1. Of the residues that sit in the range B:52-67 and are away from chain A (no Cβ under 12 Å) and surrounded by fewer than 18 Cβ atoms within 10 Å (Cβ to Cβ), which one is nearest to residue B:9 (Cα to Cα)?
2. Please state which one of A:196, A:207, A:147 is over 23 Å from residue A:101 (Cβ atoms) and more than 14 Å from chain B (Cβ to nearest Cβ).
3. Kindly provide the set of residues from the range A:153-189 that are of a type in the set (Gly, Ala, Ser) and within 14 Å of residue A:138 (Cβ to Cβ), ordered by number.
4. Would you call residue A:253 in contact with a Phe, Trp or Tyr (Cβ under 8 Å, 6 or more places away or on another chain), of a type in the set (Gly, Ala, Ser) and open to solvent by less than 20 Å² (accessible area, probe 1.4 Å)?
5. Please enumerate the residues belonging to the range A:286-299 that are part of a helix (DSSP H, G or I) and within 14 Å of chain B (Cβ to nearest Cβ).
6. Please go through the range A:214-259 and pick out each residue that is free of Cβ contacts under 8 Å to residues at least 60 places away in the same chain, under 18 Å from the mean Cα position of the chain (by Cα) and within 9 Å of chain B (Cβ to nearest Cβ).
7. For the range A:285-295, indicate whether the set of residues that are surrounded by 20 or more Cβ atoms within 10 Å (Cβ to Cβ), touching a residue at least 24 places away in the same chain (Cβ under 8 Å) and more than 15 Å from residue A:61 (Cβ to Cβ) is non-empty.
8. Any idea which residue in the range A:115-138 is nearest to residue B:89 (Cα to Cα), counting only those that are within 10 Å of chain B (Cβ to nearest Cβ) and open to solvent by 10 Å² or more (accessible area, probe 1.4 Å)?
Amino acid sequence: MKNSELSTQFALPRTGIGIDADFGDSAVEASAARMRAVEESAVVQSIGETPLVRLRRLEAHWRLPDSIELYLKLEWVNPGGSIKDRTALSIIRAGITDGSLTPGRTLIDATSGNTGIAYAMLGAALGIPVTLVVPESASDERKRTLTAYGAEVIFSDPYEGSDGAIRLVREIAAAGTDRFFYADQYNNPANILAHTRTTGPEIWRQTEGKLTHFVAALGTTGTLMGAGSFLKTRGHVTLVGVQPAEAFHGIEGLKHLPTAIVPGIFNPALPDRIVGIDTENAFAAARALARVEGFFAGSSTGANLAAAAGLVVELARQGEPARIVMIGCDAGSRYLTTGLWDAN
Amino acid sequence: MSTDDGIHVLIPTPLRGFTGGEARVDVHGGTVGEALEALAVKFPGLGERLHDEDGQLRRFVNVFVNGQNVRDIAGTATELSPGDEIGIIPAMAGGDAS
């Protein structure tokens, strides 16, 4: 093959391929055809069914009694590298089904992190144009990942954090209702459904229904709301939500609910308890996981682990057996330019 | 305090509870460390959010001088001139993981 042919073959496609193609006249037929295209996508087929592993070395490191077991769900195995692939896919499916994500519309949302990467990945795989409102303080690797997938990135005030991105995307979406599909991960019930339909059932099956606690960090709160509500309908499972101990924190993606914009999908009655974790403790737990267990995870996974560490002290004192399942939200490689991995 | 010869400090939303809601405050100081110390004196409680028990800048806190991260310059020893702008932003590779 000549170089000129190669360059044509690898020229970057414009959006408008894939499910943006014309599938016929009837809206219902078109929607069904677009859903088939979604289900046939190799990226879509790679999402979910992630491993659940027991952390035996960490159990030994923490000198836990034999009656307490720790499990981690490895969500970074998803093709976009985080649990958010499930969320983004569920939101896109719901948008196609209810007719709000029509061909030609651009998916838009506020995200500074993993959901943005998941939207951008699925946008590329399905031919949906994607625009993301991101705090300007997002790391370079994050911004470059989004543009690598072909998404358009709009920056919001870095001093306003993720809430500033939410406020800006609301303005942009309101001004262009015909042009945009506002995915609204913080208020979209499809976020919860992602975990009611996939994450929750997977955990139930993988533990053979024998878990006692489910620990999930709170960002949009979709994981705890969805998987948590599913697990509660199946058995007696204690739901533990994890948030930063303080408003000013460095745990990527987590919301300090007393001071942040509270997601519309959050039901405060569902969690049995909500634990506050210091950024330093979340970082230390993530570093311990890498060193002791060999799993390189991000700071939100660290926060879940730190919350579990507090829990097991309590349970061991009471002599209670426990099987604790934690979410491993994303990989440590997403944070190489942050303070997470700075030497002690 | 005159705003002309001071150091302008940009405060992120989660710390504005300490500054009476102000997004921009002025302090004096010849270095970043001095300016942050002046900030901590002026707004009680704020210093502990920025520094750990050993007085080190917490590892998730990024401080920018005129747009440049001080970790890439001279850290808290970075020198300041009147009218310089300091920005305080919690390190984030994003804002939503879960």
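The values are calculated or read from the model by the stated rules, or taken from the named source; none is laboratory data. Every value quoted in this text rests on a predicted model; they were computed, and no experiment measured them. We place every Cβ from the backbone using ideal geometry, glycine too, and count neighbours over all the protein chains shown. Side chains included, ligands, DNA and RNA excluded: accessible areas come from the protein's heavy atoms. Shrake-Rupley method; radii C 1.70, N 1.55, O 1.52, S 1.80 Å.
1. Taking the candidates together, the pick is B:66.
2. Criteria check complete, one pass: A:207.
3. The answer is A:156, A:161, A:162, A:164, A:165.
4. For residue A:253, the condition - in contact with a Phe, Trp or Tyr (Cβ under 8 Å, 6 or more places away or on another chain), of a type in the set (Gly, Ala, Ser) and open to solvent by less than 20 Å² (accessible area, probe 1.4 Å) - is not met.
5. A:286, A:287, A:299
6. A:218, A:221, A:224, A:251, A:254, A:256
7. no
8. Here the answer is A:137.
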